[in-house]
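The values are calculated or read from the model by the stated rules, or taken from the named source; none is laboratory data. On a predicted model such as this, the values are computed, not experimentally measured, just so you know. FYI the Cβ positions are ideal-geometry reconstructions off the backbone, even for glycines, and counts take in every protein chain you see.
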Amino acid sequence: MNEGNEIRILNRKIYLYMTEFFAGMSVMAVELAASRFLAPYFSSSQIVWTIIIGTIMIAMALGNIYGGRSADKNPNPDKLYGRILISAVWIAAIPFLGKLVIIGVSGLLVVAVSTNFLIWAAFITCMIVFVFPLFLLGTVTPSLVKYTVDSLDDSGKTVGALGAANTIGSIIGTFVPTFVSIPAVGTAMTFLIFSGILLALGLIYFISCKKGIVRCIAALVLFIAFFCCGNLTGFAFWEDNITYEGESVYNYLQIKEQGNMTMLSTNVLFGTQSVDVKDGSLTGMYYDYALAAPYMTETDGTKDILILGMGTGTYAKQCRRYVGDVNVSGVEIDGKITSLAYSYFNLPKDIPVTEFDGRAYLAADDKKYDVIMVDAYRDISIPFQMSSVEFFTSVKEHLNDNGVLVVNMNMISEDDDGINAYLSDTVSAVFGNVYTADVLGSENRVLFASDNGGMIDAFKRNTSNLDDKSLKMLMDRVGKGIERYSPTGKILTDDKAPVELLSMSAIDGLIGGELSYYKDIIREQGIEGLMNSF
């Protein structure tokens, strides 16, 4: 009877095509969700995308080979749908167990590798977390070919139909996570949704065949357990002072309170992107140093300031409070950040924010400004299109005569071939005068650029009689630390801007410096010594 039931469901080829359709959809959904799952820890750079795509292709290729051989050797559909059930359970476990894998892998690698930390960490994580379930899904197509091809006469038609079903499913699986499920319900629930689809495929098969009840019950129980656990822990599950944690189309978003500050982070491992100082005082961060830019202009009266990479409006509010007579507007590609700015960061409603890419905005804007602030370089995620000589040329075209560009650059190092050297050289290829100032107590460097040869004289003149004592002390510090930049000809262009590799190199240097102390302890005292050091 079991065999008859099995034959009946296999004869309904629509179910086999549905299996191919949903398998293709799930593969792409997992790939897209994987990028968002890893981004808060390892960034969403092209390098991380390359690792994700590469490991998934490895998994699918191996799955195709194994699936074909398995189907020839033992053409039993129980094997295929059993693999689908295992894949479903594994994918359901990713939101809960995957974070532990990331922390474990990162903890081991920080004391084991000296270069390419993020590359190795992302690659090993992908191999552990994503390869096995996608290897199992890779066995679907060759197995279904075995069950659907009746004769050589219609083999081409049948294989073509299976391929079409897989491709259509993959297309839907590409768009749904990015534009629907992740913004609406988050990455964890996206994994669980597509895990549930795969689980349903396996359960329908085995229930219709009236077999495999034990494995079905086990898979269902595990799925429910992981479903319940999947959203129990956030991305930064070790933090206990998180006010808000969510996701947008572009970013992981985390807000937390720390003393007098509310802070926004888009990456759980690397720094803070925006802050709100509750008493309105200076932030102690690079925003304060960037306040020097309006004082470098020769403009009398109201100054027009544009911020590319508005974030939650930290710099805009600082300009209003400490510079005074300004018109400030911002551009922020992530509309969810702007919403959070109004809800959590006290961004005034009368400061206009346009939801757009910074460079695209300049292409559509015909207004000129006295100051343009570029604050789009977050952690190691540097948009190449906003780092090239073509971009900075566009910025220059939108500045008034003697206008000033100010750029926040992080991950500073003394490496002459580092990302900041390239960015500084590229700006120097466009502007006649470029100065930099390192932010005290941080890894940020602020760059000022203008065609006004008297920008520093204007700065000294405009800040000589400031009434606010804290601002006066800060501007004096900036004046003492600012240095004229001497370019060395490293130019980034739209055609060639390897910002990901340069950023990874900078991260290696920072990690190496931060962890050298602990590596010395491990070398001299072992793991026990490391544990005793905390």
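Worth a mention:
- Residue under evaluation ASP379, criteria (1) modelled with pLDDT of 90 or more; (2) in contact with a Phe, Trp or Tyr (Cβ under 6 Å, 6 or more places away or on another chain), criterion not met: (1)
- Filter result for SER143 (assigned by TED's automatic domain parsing to the domain that holds LEU62 and over 32 Å from the mean Cα position of the chain (by Cα)): yes
- Some residue of segment 148-163 being surrounded by 18 or more Cβ atoms within 10 Å (Cβ to Cβ) and under 19 Å from LYS99 (Cβ atoms): no
- Complete set of residues in segment 264-274 that are surrounded by fewer than 23 Cβ atoms within 10 Å (Cβ to Cβ) and modelled with pLDDT of 90 or more: none
- Within this structure, ILE333 passes the test of being closer than 27 Å to GLU390 by Cα, in contact (Cβ under 8 Å) with a residue 60 or more places away in the chain, of a type in the set (A, V, I, L, M) and in a loop (DSSP other than H, G, I, E, B).
- Matching residues in segment 256-313 - criterion: being closer than 20 Å to ILE456 by Cβ and in a loop (DSSP other than H, G, I, E, B): LEU291, MET296, THR297, GLU298, THR299, ASP300
- Residue check for GLY313: more than 25 Å from the chain's Cα centre (by Cα) and at positive phi: no
- Residue in segment 51-70 that is of a type outside the set (S, T, N, Q), in contact (Cβ under 8 Å) with a residue 40 or more places away in the chain and not in a helix (DSSP H, G or I) present: no
- Test: residue in segment 112-129 that is closer than 30 Å to LYS13 by Cβ, surrounded by 21 or more Cβ atoms within 10 Å (Cβ to Cβ) and of a type in the set (A, V, I, L, M): no
- So TYR41, is it assigned to a helix (DSSP H, G or I), assigned by TED's automatic domain parsing to the domain that holds ALA218, of a type outside the set (D, E, K, R) and surrounded by fewer than 22 Cβ atoms within 10 Å (Cβ to Cβ): no
- Scan of segment 160-193 for residues that are closer than 16 Å to VAL30 by Cβ and of a type in the set (Phe, Trp, Tyr), ordered by number: PHE175, PHE191
- Subset tally (residues that are of a type outside the set (Asp, Glu) and surrounded by fewer than 17 Cβ atoms within 10 Å (Cβ to Cβ)) for segment 69-96: 6
- When restricted to residues that are at pLDDT 90 or above and either in contact with a Lys or Arg (Cβ under 7 Å, 6 or more places away or on another chain) or among the aliphatic types (A, V, I, L, M) (or both), segment 1-46 contains 10.
- Single unsatisfied condition, MET409 versus (1) touching a Phe, Trp or Tyr at 6+ places or on another chain (Cβ under 9 Å); (2) modelled with pLDDT under 95; (3) farther than 21 Å from ARG445 by Cα; (4) not charged (D, E, K, R): (3)
- Within segment 469-505, being without any contact (Cβ under 8 Å) to a residue 12 or more places away in the chain and polar (S, T, N, Q) holds for one residue alone: SER486.
- Residue within segment 431-440 that is over 21 Å from ASP370 (Cβ atoms) and in contact with a strand residue (DSSP E or B) (Cβ under 6 Å, 6 or more places away or on another chain) present: yes
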